[in-house]
Amino acid sequence: MSISYSHFTVPSISLALLLSTVSIPFSSRILDRLKQRREQQQQKLLEQITILDSSLEQDTSSSQTEKFIEQLHQILHSSRKIANPEFRLTVLNTIINTYDTTDWLLGKVINRVKPQQKKSATKLLMLAVHLAQMLGHPYLVEKTIIFTKLANYWQRIGEQKSALQLLAAGLKIIEMIPGAEAQARLLVPIAQEYLNLQQTAQAEEILTKSLQIAQQINSPDEAAQSIPLEAIALTYIRLGKTEIALEIAQSISYLYYRANVISEVVRHLVNINQLPAAIELAQKIEIVEMKGQRLLEIAVIYANEKEAELASQVFNIGLAAFSPEQEPAKGNFIQSYAKAGQLDAAYVAASQLQNPEVLAVTLGILAIEYNISGKIEVVEEIVAQIISLIQTTQAVEPMGSLSSIIGNAMAAKQYKLAFDLLLSVKHPNFLDKSAWIVIVGEAAIQAGEIELTLQLAQSLEPSYVEARNLLLQKIALVYAQTQQMERALALVEQIDNSGSLPYQIETLALIATVNGKTESSDRLLTQAIANAKKLELKSQALALTIVARELLKIANQQLADELLTAAIQLATSEPDAAIRESLLLKMEELLMTAQQYLAALQVLQANPTDYQESKLTSLVYLLVENGNEQIDVVSIYQQIKNPETRTSGLISIAESYIRQQKHRLASELLDLAFAAAKTIPGEESRVWTFGADPNGFPTSIIEDEYDRGSSLEKIALLKAQIGYYQQAVHIAQVLEDQTTRDRLLTKLAEYKKG
């Protein structure tokens, strides 16, 4: 073979032959470089798919569909050029997925296609088909699945002929695939696609064949035969041939798949209004939850048709199906009937429940549904029963019935019911009561139930002062946001400064700034400062910090600095070390949660404990990462005594500077990190072991990333990365272990070449 160029002919030479004429080291380097380049191309294409998928999710208006089609076309075109069958399959799996029935990227794009975009969508699908056709013999199963899915996409854009051609191609491939299990599993989706295309005769022919093959499967794993038999039976149900489906069900050994087929036949009978036959068959379902669900649906149909007696009969058949050990499932059955509007029957049935937890939750659902229907007298009766049931340790524990009942009430937006139940619980083990009051209150406020929450907050006992203050504060802020300032300020008077925070002063400060800087901001903040100065030391420090935080929101930097300095002085003057540290931590938290990081840094620097050192490095990193240039990183790190903390922190900030292209600053910090790393005590390379097997060998072995050797390696590599090769070599030479040193020098040499 030769390649012709207009005036001369050049012999075609393979890359392997060309490389064989050069030296082995040189050819090896070329091959390595080509391999690296190909891997980079592949990684880039996969990243493009991820980005495209994310963009698709964000484009809710579908305005960018044409652009997405073009981008995906370009990705597939580039993938086709890469001579790597495994990568082609990876790309196809990433945009289609051979293991999931839901639509992935390509399917989601096709779903958006409008008539005017059909031409470009056709080109895209043709390219996807071509890429799939390039898959060789080891990938026949995946190829068949992809062909079947692509046939479905062709059908969605109205190209029936192309869909049928792909399905026919898939059938031919299956003939080359060994193993009855694989063939049976692959044939059923193709039959289903023929059904989608109204090709009933062809679908039945394939189903018959797949059934014959599935019956030949001989495996110790019950699912191996049961899964394809279930799929075949479900497809026969789609054809309306329920007798065949039931016959197949009898040969399915795996209980779940057998029960599911019978359950789906019952559903089909219900859909065609064959209710007596459906009731009779439903009773043969061997999984009680499935049986209950089908019978429940039939009972609801009868109830809606005003056939109360028939509804009661079917519902009672369902109830009788549950054994005493299946009380939770029985409770769900009764709850579902209540949610379907059959409250009185469900209420009577609930009296059969023996498990107090299940009964309480079921009664909770009934209370919610009766409340929605306006039958308040019945609600009060049920709540009284619930209260007697939830006064136990089990009921009030985090996973107990009370949390379920309250969660259900909140989901149904029945906040008064949730409040009533909460306030009725007297069990001493219910330690989260205050937290639950706040959770329900916040949800109610969010839903607009302001007055209900206000009444609750004002009625709370003194022991719930924290919850009371928090809820009143949130309501006051809602009033302020909606320009009801008089009501907001009136609520401030009802809030006190007890609890974990000086809430009254915080509320006043928050109201002052909730709408930004307004005419009343300065007046209210001045009042908050005056009130703060009347408090005892601990509360005063927190109050001044809060006001400083709010002043920073409206850019009053000078006064904020003055107040924060005063707050820090008050906190650090506390003689008790434990109280002092707790106070400074709370001040820091108040500023951090408001993202006032520079102010938080001031507080942290006033509290130089070992625990604070690691927090200090994290905060400095956060400030640098966000481009804040007002901090003196060097002076801050000079305060850090722990060499591991100092080294790792400096390295992290240097990496941040490298990302920001500030190489000189990065290099300076790496010099400081180098000096700190050399002082890290212990062995150069440390390994931590945890646990031991029966023979005494460790079960977990973890290399220390912060030991001296690891730190020096990282510093050297970063130095080389930003162009300081000789300095990197100098750092590497400090390593004591020759193997580690030689390995690092080899890595550094790559940077020198670059």
Fill in the blank from the handout: Sole miss for Thr60 among (1) over 27 Å from Gln192 (Cβ atoms); (2) over 26 Å from the mean Cα position of the chain (by Cα); (3) not in a helix (DSSP H, G or I) is condition (2)
Completion exercise
Checked Thr208, Thr235 against criteria (part of a helix (DSSP H, G or I) and out of contact with any helix residue (DSSP H, G or I) (no Cβ under 8 Å at 6 or more places or on another chain)); the one match is Thr208
Problem - Residue count for the stretch 171-181, restricted to those that are open to solvent by 30 Å² or more (accessible area, probe 1.4 Å) and on the phi < 0 side of the Ramachandran plot - result: 6
Practice task
For Leu669, state whether it is aliphatic (A, V, I, L, M), at pLDDT 85 or above and in contact with a helix residue (DSSP H, G or I) (Cβ under 6 Å, 6 or more places away or on another chain).
Solution key: yes
Handout entry: Considering residues of the stretch 469-488 that are open to solvent by 50 Å² or more (accessible area, probe 1.4 Å) and in a helix (DSSP H, G or I) only, the residue nearest to Ala447 (Cα to Cα)
Key = Lys474
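To keep it simple, each residue is scored yes or no on (1) among the polar types (S, T, N, Q); (2) open to solvent by 50 Å² or more (accessible area, probe 1.4 Å); (3) under 37 Å from the mean Cα position of the chain (by Cα).
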{"site": "Asn196", "(1), (2), (3)": "yes, yes, yes"}
{"site": "Thr200", "(1), (2), (3)": "yes, yes, no"}
{"site": "Ile232", "(1), (2), (3)": "no, no, yes"}
{"site": "Asn260", "(1), (2), (3)": "yes, no, yes"}
{"site": "Ala299", "(1), (2), (3)": "no, no, no"}
Practice task
Would you check if Glu493 is modelled with pLDDT of 90 or more, open to solvent by 60 Å² or more (accessible area, probe 1.4 Å) and charged (D, E, K, R)?
Solution key: yes
Handout entry: Identity of the residue in the stretch 348-368, in contact (Cβ under 8 Å) with a residue 24 or more places away in the chain and in a loop (DSSP other than H, G, I, E, B), that ends up farthest from Gln394 (Cα to Cα)
Key = Gln352
Exercise for the section: Tell me, please, whether a residue that is under 32 Å from the mean Cα position of the chain (by Cα) and over 22 Å from Leu197 (Cβ atoms) can be found in the stretch 140-157. Expected result: yes
Exercise for the section: Output the number of the condition that Tyr256 fails; it satisfies all remaining conditions of (1) touching a helix residue (DSSP H, G or I) at 6+ places or on another chain (Cβ under 6 Å); (2) over 18 Å from Asp344 (Cα atoms). Expected result: (1)
Problem - Sole residue being of a type in the set (Gly, Ala, Ser), in a helix (DSSP H, G or I), touching a helix residue (DSSP H, G or I) at 6+ places or on another chain (Cβ under 6 Å) and farther than 28 Å from Ala182 by Cα, chosen from Ala249, Ala245, Ala277 - result: Ala277
Completion exercise
Among Ile636, Ile653, Ile640, the single one that is surrounded by 17 or more Cβ atoms within 10 Å (Cβ to Cβ), at pLDDT below 90, closer than 21 Å to Ile722 by Cα and out of contact with any strand residue (DSSP E or B) (no Cβ under 6 Å at 6 or more places or on another chain) is Ile653
Fill in the blank from the handout: Of the candidates Lys67, Lys44, the one satisfying the condition of being of a type in the set (Lys, Arg), open to solvent by 90 Å² or more (accessible area, probe 1.4 Å) and either modelled with pLDDT under 85 or more than 20 Å from Ala121 (Cα to Cα) (or both) is Lys44
Problem - In the stretch 562-573, the residues that are of a type outside the set (D, E, K, R) and either assigned to a helix (DSSP H, G or I) or within 17 Å of Tyr597 (Cα to Cα) (or both) - result: Leu563, Leu564, Thr565, Ala566, Ala567, Ile568, Gln569, Leu570, Ala571, Thr572
Practice task
Could you tell me which numbered condition Lys433 fails, if it satisfies all but one of (1) touching a helix residue (DSSP H, G or I) at 6+ places or on another chain (Cβ under 8 Å); (2) over 17 Å from Tyr337 (Cα atoms); (3) open to solvent by 50 Å² or more (accessible area, probe 1.4 Å)?
Solution key: (3)
Problem - Members of the stretch 405-430 found to be open to solvent by 50 Å² or more (accessible area, probe 1.4 Å) and either of a type in the set (Gly, Ala, Ser) or closer than 23 Å to Tyr479 by Cα (or both), listed by number - result: Ala411, Lys413, Lys416
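Check the stretch 315-324 and report whether any residue there is crowded, with 21+ Cβ neighbours inside 10 Å, hydroxyl-bearing (Ser, Thr, Tyr) and either at pLDDT below 95 or under 25 Å from Gly374 (Cα atoms) (or both).
So the first thing to find is which residues in the stretch 315-324 are crowded, with 21+ Cβ neighbours inside 10 Å, and the list is 315, 318, 322.
Still in the running and hydroxyl-bearing (Ser, Thr, Tyr): none.
Taking every residue of the stretch 315-324 in turn, none turns out to be crowded, with 21+ Cβ neighbours inside 10 Å, hydroxyl-bearing (Ser, Thr, Tyr) and either at pLDDT below 95 or under 25 Å from Gly374 (Cα atoms) (or both).
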Handout entry: Test: residue in the stretch 121-133 that is closer than 22 Å to Ser78 by Cβ, of a type in the set (D, E, K, R) and surrounded by fewer than 17 Cβ atoms within 10 Å (Cβ to Cβ)
Key = yes
Completion exercise
The residue from Leu601, Leu622, Leu559, Leu551 that alone is part of a helix (DSSP H, G or I) and more than 27 Å from Ala530 (Cα to Cα) is Leu622
Completion exercise
Checked the stretch 93-119 for anything touching a Lys or Arg at 6+ places or on another chain (Cβ under 9 Å) and open to solvent by less than 40 Å² (accessible area, probe 1.4 Å); matches are Ile96, Asn97, Thr98, Leu106, Gly107, Ile110, Val113
Problem - Check on Leu456, free of Cβ contacts under 8 Å to residues at least 60 places away in the same chain, in a helix (DSSP H, G or I) and either of a type outside the set (S, T, N, Q) or open to solvent by less than 60 Å² (accessible area, probe 1.4 Å) (or both) - result: yes
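The values are calculated or read from the model by the stated rules, or taken from the named source; none is laboratory data. These numbers were taken from a predicted model, which means no experiment stands behind them. Reconstructed Cβ throughout: ideal geometry from the backbone, glycine too, with neighbour counts over all protein chains shown. Please note that ligands, DNA and RNA were not included when accessible areas were found on the heavy atoms of the full protein model with its side chains. Shrake-Rupley method; radii C 1.70, N 1.55, O 1.52, S 1.80 Å.
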